[in-house]
Each structure stands twice: as C-alpha cells, then as structure tokens.
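A short write-up of the structure that comes next.
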2 protein chains.
Amino acid sequence: MDHISSSSYDVYFEHQAQLELKKLTSHNYYSSYFVLVDENTKQYCLEQFEALTSTSFSYICIEISSGEEYKNIDSCKQVWHILTENNADRKSLLINLGGGVLTDLGGFCAATYKRGIDFVNIPTTLLSMVDAAVGGKTGIDFQGLKNHIGVFCNARMTLVMSSFLETLDQRQINNGMAEMIKHGLIYDEPHFYEVIKDLNAFRKLIARSVYVKHRVVTEDPKEGGLRKILNFGHTLGHAIETYMMEERNKETLFHGEAIGIGMILEAYLSFKLNKLLERDLKLITKSILPLYDKVIFKAEDIKEILKLSLHDKKNKKGKVMFVLLEGIGKASYDIEVEKDFILEAFDYYQKV
Amino acid sequence: MDHISSSSYDVYFEHQAQLELKKLTSHNYYSSYFVLVDENTKQYCLEQFEALTSTSFSYICIEISSGEEYKNIDSCKQVWHILTENNADRKSLLINLGGGVLTDLGGFCAATYKRGIDFVNIPTTLLSMVDAAVGGKTGIDFQGLKNHIGVFCNARMTLVMSSFLETLDQRQINNGMAEMIKHGLIYDEPHFYEVIKDLNAFRKLIARSVYVKHRVVTEDPKEGGLRKILNFGHTLGHAIETYMMEERNKETLFHGEAIGIGMILEAYLSFKLNKLLERDLKLITKSILPLYDKVIFKAEDIKEILKLSLHDKKNKKGKVMFVLLEGIGKASYDIEVEKDFILEAFDYYQKV
C-alpha cells in the first residue's frame, strides 16, 4: 500500500510520500511555507526533511519546545504569533514535522489561524505515524486534560516515511507499538497476530495499521459511534498518562506506555463484562507487558486516576463509558463499568 | 419571515424564536446547560431571557467582561475553565446571550471545547442580529487583529428577538444599521432603499437583512468566492476599527461606525475603479454620513490604517484586495487597489 485516499485527505507512504513532498515544495501553489518543528525534530529530522524537498524550496521555521507539557495554548500563541509576523495568509501552508504532540498542536494552530489554513503532517515517530497521521483530530491540553481543546480538521496530506524512525530508540518504538496492537485488537485480528509475531518487523505493517484507523474514521468521522472503538485502552490509559505527568514524584509515561497499561486493564474488564475469552486476555497481557516497565499504583493513585477518567471526552452525563473487546479484532462501545470492577482490573494488572 | 433553515443551522425570529427557546430549555436533550453573558447582558438581558425559558430550566451562568478588548484568548480560557470545572461534556449546550463579540467568542469556545459542543446564539444587539447571527464565523482577536483566530462553525440555532433591542440607545442601533445598509448595497437593491427610507422602521427589516446574509453564505460557506462581498466596507473599516481601538488618544469606534466610514471610502473606490455611478456614490454617502460622527484622519493615521489593512484575512500574496460595488445591489470582489486611490478616498471622506 503506498497511498490511502478519501474525499478530504490523502496519506502517502515511503517512496510515494517522498515524491509528493518534492512536488509540494517545488510548486508555488502556496503563497508561503512554514515548517513547525520542536527541539528534537529540529536536531534529528530537519536535515533529512530538507534533503527531500525541492531545491527551490524556501520556508520559515517555527520552533516550539518538545514534550507534552508544551502542548498548550501558550505554544499555540507562539505559532500564531510567528505566522502573523510573517504575514501568513489564507494561502499559506504549515508543514508539521514531528510526533503526535506537534502534529496535534500544529493542526490546531493551522485550523484556527484566520479560520483555517492548509497543513501537511509529516509524522516522525512510530506513534504519530500510526495514530495521529489520519483522523482529523487536532488539539492541545488544557488544565491537565489531554486534547481538551481542539477541532476536527484533516491535514491536507499526511506523508509517512519510516526513514525518520532511524533516530528513535527502542522505548520510543515501543511507544508506537501500543497503537498498532490496539488497531489489531479492535478491528483486525490478523494484524494483531502479525504485529506480535515479530516485534522487529513493524515497518512493513505501518501502512496496514494506518489503514485500520482510516477505515474506522471514514465510517464515523465525528465520533458519533464506531469511531469510539479507537478509544480502547484510552479511558483509563489517558487518565493514567495525565496523572503520571501531573504528579511531581511520578515518572512521566509515554502515551503508548500508558495506553499499554490501559489496554491490559480494559482487556480485563472485557473478560469480566464482555465476551473476551480468558485465553485471549492472557495472550493480550503477555504481548503487551514485556514492552513497558511495570508501574506500581497505590490506592490513592487509583482514586485520582478514576477521578480524571470522569473527564474523558467520550463520557455522557457524568458516567465513565468504556470500549470493551468482544474478542480479538472486535470491540463494542458505550459500556458503563462499575467502580469495583475497575479496582479489580488494577489488581489484576498489579499481580500479573 | 419567521424562520430561515439550512442543512446545518436554523434561524428563528420573534414569536417563533420564543417558542423554540421554550422548547430548547424544557427538554432534557442536553446533559447540561451553560449561558454565556457579559456584564451588560447580565444586567440588561438575563432577566428577560429567563422569563422566556421553561420554568424547569436550570443552567450555569458564565460571565465575561464586556467589550472588544476582552475578545481574546484569556476570555476563552475563562470560559473553557468554567465548562471544565462544571464537567461540561459533549452533550452540553452553550447558549450565547449577547452582541457579536460574545457570540463570536462563545461560538469559538464551544467549537473547540472537547473538539466541539453545540451552541445557540441569542443576539441582543441589532448588529449581532443582522450580522453575527448567521454565517458560522466564530473567533477572537489576536495581536490587535480582529477575528484573527477562529473557526467556521454554525450555531445549532440562532434566535432573533427584537425585544432585546429595547435597552439599546440610538448609537447602538446605528451601529447595526451599517450592516443592514451593506446587505442592501451588495445584494439587494430594494432592501437598501427600504432601510434608508425610514431609519426607525428597521425592526421589520431585520429578517430580510439576515436572509440576504444567509443567501450569500449558503452559496459560499467557506469564502471561496461570493461570500467575500460581505466584506464590502470592511477592508478599510476593519483597519480603522483596529487602529482607533489601539491608539490611546483616539476614541474607540463601534464596529458599525468604522464600517460606515469604510463603506463611504470603498463606495468612492467603486466610483473611481468599478462601475458605480456618481449619483449612487452621493446617495450612499448621504445615507451613511448622518448616522455616525465624522472622524478626522491625519496622514500618519492613514499610513497606519493602510499597514493594518495588509493583514486582512481576504488578502492574497501581500496585496490588499477590495470588494467594490458595480451599482447599488451588486458587488464584485478580489479587486486590487493602488495606494494612491485609497489616499484619494480618504480625502473624499474628509471633505464631503
């Protein structure tokens, strides 16, 4: 697969993506070009990016600080400021070169600058390739709540080039594996088995993983129903991620690390409350656990995590709603779960 | 006319609007209700609003400061904060009760909160009834630039009830008249003549004026072409408004007052560069001039205003683009104007 296309966006892979980038930067369709990077992608990716662009390409570089803690309105103000100072108009293009934090934030800035300018995402981490690359979610964190402020707006184009992954270490690769595993679990059983069969063979599975997400969001762009299944592992995972980030004496987790824990917890709930077989719960647990360090949660940690999960965007009328598996490759959504089962799930994770 | 309907929004007028408000607040379709007011609408409109709602209606009031200078990201943070603290979820509704500043800002907050919750606009000024009520533009000012940050997002419903106008003074009514006159000038010749015939009869012309805007934005929701004609008087008008607001020793103008001047200037340009007859230029000038205090612009004022107009969202590649009249009721757009003609237009306005 070298190309996924819908009426509102295109995703190109590898060689095809390189050709598109060359084309995009050699035509003067846009009145001006801006490239958003963070400290990391400026250091590790910008040179490679430039080598792939047309020789005639000129742009203004916007740099923000790296990390989830800068995915906030102040960074947006910084981006809007530089666009404004350089007279970006409605025919300007913003190219987001970075991980999910950067593409989410850059997408939001572009979607709201003069009520919307085009943007192109070039994800540079495995996580952002398989997760943030499609789906039209843009946003920033607010008051400790992830992606609390944002809009649905598709990138004009997403270019997935796995050569950017060469600068990543194993922890960052595993960070992205969580979403690939999730795509298999909720929608594509063979994909799940392929991913866990050989964890080093992930490159050739990226396009398939993006395609799963593409299928789901195309069926339900605004999260009226089916799209919610992408939230598997995220109801508790997001809350865990937020909690660990906010607590001073806790180690901050990567998104995939928190989602990995969330998937084990929610697989347990799926076994208890939905139709997931115990055998499959064990397989899921065994596949995810070795990828990430075990985290110890005390009773007071869990209490705070539950409180945070109440803020999940998918909730209705103050009740926490879950996506649970019916089996590997099949999920159901909008399932209410009692607090006691959640405590039991944490207990399972802790002891396994 | 008691109702304008499109696939994405509804506008109800007068008695019909009252019925819809009662219905909206008596059903429990939404998980929670928030009403956004500013100091003024809290004092002058909230009681009347409450009297029109269902007796079972309960809501959380969000108050922001009145005035264009608070149409900024800090006020948004305040609104998002209160929504968050009160656990507003995706099924919550925000009702914006106020003028254009408030409906623009409230619309933007709703459109971006958890990637979008429903909002209803209840305009309380003539300006917001005929201008901000339809069209899906939301936004805030940024770095002194009007509506620089925002998104296109339609209110679920707009309720126009002219009883709210009873608390307005003549200056505020005249503020709204500018947009009604504009609607006639760009699209609806008979409407223009009706509006200027008896300036006290505006109430019965509100729905017609909204309908003009509705027709234009329905044909071109994202401002690809035709919609630009709504910008007549605004290229220079916006810049004048911004300049007068930012200069400490200048009196701040109402939006309609700045647009009134902008329309005279741009009618002059239409006479010089498009097909507008001198007779019609004189009629337009004579109709608008008595509504607003004359403003004296010095050479350095004009220089700054021209610089600001370069930031207009409708510009392309650094050139200032104008909407000019071909006659009363007909406009053309994307017309480049040399600086000298603009100086001449200011000269005309000054001496007339």
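Brief remarks follow.
- Residue check for B:F297: of a type in the set (F, W, Y), touching a strand residue (DSSP E or B) at 6+ places or on another chain (Cβ under 8 Å) and more than 14 Å from chain A (Cβ to nearest Cβ): no
- Of everything in region B:12-47 that is in a strand (DSSP E or B) and out of contact with any His (no Cβ under 8 Å at 6 or more places or on another chain), the residue that is surrounded by the fewest Cβ atoms within 10 Å (Cβ to Cβ) is B:Y33.
- For B:W80: the one exception among (1) surrounded by fewer than 19 Cβ atoms within 10 Å (Cβ to Cβ); (2) touching a strand residue (DSSP E or B) at 6+ places or on another chain (Cβ under 7 Å); (3) in a helix (DSSP H, G or I); (4) at the interface with chain A (Cβ under 9 Å from one of its Cβ atoms): (1)
- Taking the criterion of being modelled with pLDDT under 90 and among the polar types (S, T, N, Q), the only residue of region A:201-240 that qualifies is A:T218.
- From the options B:I261, B:I284, residue that is surrounded by 15 or more Cβ atoms within 10 Å (Cβ to Cβ), under 23 Å from B:E68 (Cα atoms) and among the hydrophobic types (A, V, I, L, M, F, W, C): B:I261
- The condition of being in contact (Cβ under 8 Å) with a residue 12 or more places away in the chain and surrounded by fewer than 21 Cβ atoms within 10 Å (Cβ to Cβ) holds for only one of B:L310, B:L325, B:L269, B:L291, that being B:L291.
- If only residues of region B:325-338 that are out of contact with any Asp or Glu (no Cβ under 6 Å at 6 or more places or on another chain) and in a loop (DSSP other than H, G, I, E, B) are counted, the one that is modelled with the highest pLDDT is B:V337.
- Among the conditions (1) surrounded by fewer than 13 Cβ atoms within 10 Å (Cβ to Cβ); (2) within 14 Å of chain B (Cβ to nearest Cβ), A:E247 misses just one, which is (2).
- Every test in (1) among the polar types (S, T, N, Q); (2) surrounded by 24 or more Cβ atoms within 10 Å (Cβ to Cβ); (3) more than 14 Å from every other protein chain (Cβ to nearest Cβ) is passed by A:Q172 save one, and that test is (2).
- Among the residues of region B:100-125, the ones that are away from chain A (no Cβ under 14 Å) and modelled with pLDDT of 95 or more come to 9 in all.
- Qualifying residue in region A:242-259 (condition: out of contact with any strand residue (DSSP E or B) (no Cβ under 8 Å at 6 or more places or on another chain) and under 18 Å from A:S332 (Cβ atoms)): no
- Test: residue in region A:126-136 that is over 14 Å from the mean Cα position of the chain (by Cα) and not assigned by TED's automatic domain parsing to the domain that holds A:A201: no
- Residue match in region A:275-288 (condition: touching a residue at least 24 places away in the same chain (Cβ under 8 Å) and closer than 30 Å to B:Y33 by Cα): no
- Some residue of region B:126-139 being on the phi < 0 side of the Ramachandran plot, at pLDDT 95 or above and either assigned to a strand (DSSP E or B) or within 14 Å of chain A (Cβ to nearest Cβ) (or both): yes
- Considering region B:25-61, and only residues there that are of a type in the set (A, V, I, L, M) and in contact with a strand residue (DSSP E or B) (Cβ under 7 Å, 6 or more places away or on another chain), the residue that is farthest from B:I82 (Cα to Cα) turns out to be B:L46.
- Close contacts from region A:145-157, counting a first residue that is more than 8 Å from chain B (Cβ to nearest Cβ) and a second that is of a type in the set (D, E, K, R), with Cβ to Cβ under 6 Å and a gap of 6+ residues or different chains, come to A:R156/A:D118; A:M157/A:D10.
- Matching option when the condition is under 16 Å from A:I149 (Cα atoms) and touching a residue at least 12 places away in the same chain (Cβ under 8 Å), among A:K114, A:K91, A:K71, A:K77: A:K71
- Some residue of region A:177-195 being assigned by TED's automatic domain parsing to the domain that holds A:G67, part of a helix (DSSP H, G or I) and within 18 Å of the chain's Cα centre (by Cα): no
The values are calculated or read from the model by the stated rules, or taken from the named source; none is laboratory data. Owing to the predicted nature of the structure, the values given are computational and were not obtained by experimental measurement. Cβ atoms come from the backbone with ideal geometry, glycine included; neighbour counts cover every protein chain shown.
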